[in-house]
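Provided herewith is a single structure, encoded as structure tokens, for subsequent inquiry.
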Amino acid sequence: MSIHKYGIIGALAAVLALAAPGYTFAQTAETVIEVAGPQGALKGLLLAPGGAAGAAAIVIPGSGPTDLDGNSVLGVKAASYRYLAHGLAAAGIATVRIDKRGMYTSAAAVADPNTVTIAEYASDIGAWADLVKRNRGLACVWLIGHSEGALVALAAAQQSARYCGVVAIAGPGFPFGKLLRQQLQANPANAPLLNGAMTAIDELEAGRRVDVGALHPALQQLFHPKVQGYLIDVMRYDPQELIGKLKVPVLILQGERDLQVSVENAMRLKAASPGARLVLLPHTNHVLKQVAAADPAANLATYADPALPLAPGIVEAISAFTQESRR
């Protein structure tokens, strides 16, 4: 299997079941659209509601090989972004779901997706925003970023003229190096790996590459040489600093049963941006599905089940936020 940067989802997704039942969405017109990429086209899907849309948003995928529906070759089949787009269309909000540089329908845009930086992702979002504005006749568009996509949204929205506001869903509140440390330390089974992992993170934060041959075999994929450039880049960003500089409205959405990005991250984002709206979603996990009990196995099982609808409250919170911010 090809190497992909792990980002916030990390190795957790690799343990998910690959098989899942199919699911058919209601027949609603989705139009393939594209913008120019460095070496080939970047592609996405426009889903517009019937009649005039009150707003339009770009849905920015999370880390690693996550596609425009929110699925992944690592076994994630929850179709969270497609559910989100259909829900927002019903609320009168047009969306564009995108495949990132070098991945899936945007594979021709760059030869190696592992070399893409956060700044380059943010630049791509600017190109998408300009296209959507022209297509929908709008003065600005919204950004909806999930997981690592929330970090990209915060970086892109520093150029605020294009954007109406940002919705950060399950976004990191810590710099990535610290978040990665927390994730590794949270699992007692990782104890034999921690010294090597912490040293590797220290080196990458300092901008230095790591000799994976000196690491435990279980860490060699996480810190694979192909992804080290990306890790060095993403570790330079502080989400609190980015959100604190924004001049557009911000909505922070956080599931209370998220096993990958804790509520503490959302609280840190809110602390750095007191004017942001924070909505905590009870019983909601990282892939935006409802989980009734605090059972990690049941939580992870939802990642591979496309028949589960989006958790309640997500579409409603985004719709209300965009409406109120437009007044």
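Here, each number is a calculation from the coordinates, and none is a lab measurement. Bear in mind that the values here come from a model prediction, so they are computed numbers and not experimental data. Cβ sites come from the backbone with ideal geometry, for glycine too, and all protein chains shown count toward neighbours.
Could you pull out which residues in the stretch 84-116 have an amide N less than 16 Å from a spot 7 Å beyond the Cα of GLN323, following the Cα-Cβ vector?
87-94
Might you report the magnitude of the Cβ-based charge dipole of the chain about its Cα centre, with Lys and Arg at +1 and Asp and Glu at -1, to the nearest 20 debye? Present the calculation step by step, with values, prior to reporting the outcome.
Details: 26 positive and 24 negative charges, 132 e Å.
The calculated dipole for the chain is roughly 640 debye.
Please give, to one decimal in nm, the separation of the simple spin-label points placed at ASP130 and THR117, each 7 Å out from Cα toward the Cβ.
Rounded to a tenth, the inter-label distance reads 2.0 nm.
I've got another one for you. So what are the three principal axis dimensions of the stretch 159-288 from its Cα atoms, in whole Å, longest to shortest?
47, 34, 21
Taking springs between alpha-carbon atoms closer than 10 angstrom, which of LEU204, LEU88, LEU131 fluctuates most in the Gaussian network model of the chain?
So, out of LEU204, LEU88, LEU131, the one fluctuating most is LEU131.
So, one more: First measure r as the distance between the Cβ atoms of ARG236 and GLN182, then evaluate 1/(1 + (r/R0)^6) with R0 = 22 Å and state the FRET efficiency to the nearest 0.05.
Values: r = 18 Å, r/R0 = 0.83.
So the FRET efficiency works out to roughly 0.75.
For the pair GLU34 and GLN159, what calculated FRET efficiency results from E = 1/(1 + (r/R0)^6), where r is the Cβ-Cβ distance and R0 = 22 Å, to the nearest 0.05?
Values: r = 21 Å, r/R0 = 0.97.
With R0 = 22 Å, the Cβ-Cβ based efficiency is 0.55.
May I pose another question? Sum -39500 (n - 2.57) across every DSSP H segment of at least 4 residues in the chain, then divide by the residue count to get the 222 nm mean residue ellipticity, nearest 500. Before the final figure, lay out each step's value.
Numbers: 10 runs with 106 residues, N = 327.
Calculated mean residue ellipticity at 222 nm is -9500 deg cm²/dmol.
Normalised by the residues of the stretch 215-327, what does the relative contact order come to in percent, with Cα pairs under 8 Å and at least six apart? The partial results should precede the final answer.
Values: 108 pairs, mean separation 24.2, N = 113.
RCO, the stretch 215-327: 21 percent.
Let me ask something else about it. Remind me, relative contact order of the stretch 179-226 in percent, using alpha carbon pairs under 8 angstrom and six or more residues apart? Working shown, then result.
On the way: 27 pairs, mean separation 13.9, N = 48.
Relative contact order comes out at 29 percent.
Something else now. How high is the relative contact order of the chain? Use alpha-carbon pairs under 8 Å, at least six apart in sequence, and give a whole percent. The partial results should precede the final answer.
Values: 675 pairs, mean separation 63.5, N = 327.
The value is 19 percent.
What number do you get for the chain when its Cα radius of gyration is normalised by 2.2 N^0.38 Å, N = residues? Please report the intermediate quantities before stating the final value.
On the way: Rg = 18.6 Å, N = 327, 2.2 N^0.38 = 19.9 Å.
Against the empirical 2.2 N^0.38 Å value, I get 0.94 for the chain.
Next up: Just the number, please: percent antiparallel of the DSSP beta bridges in the chain, rounded to the nearest 5. Before the final figure, lay out each step's value.
Numbers: 13 of 37 bridges.
Around 35 percent of the beta bridges assigned by DSSP in the chain are antiparallel ones.
Based on the mean of other Cβ atoms within 10 Å per residue, sort peptides 46-57, 118-129, 137-148 so the most packed one is first.
On the way: 46-57: 17.8, 118-129: 19.8, 137-148: 23.2.
The most tightly packed comes first, giving 137-148, 118-129, 46-57.
Provide the packing ranking of 253-259, 193-199, 268-274, i.e. peptides ordered by the mean count of other C-beta atoms within 10 Å per residue, highest first. Intermediate results must be reported in sequence, preceding the final value.
Values: 253-259: 22.3, 193-199: 15.4, 268-274: 17.9.
Descending mean neighbour count gives 253-259, 268-274, 193-199.
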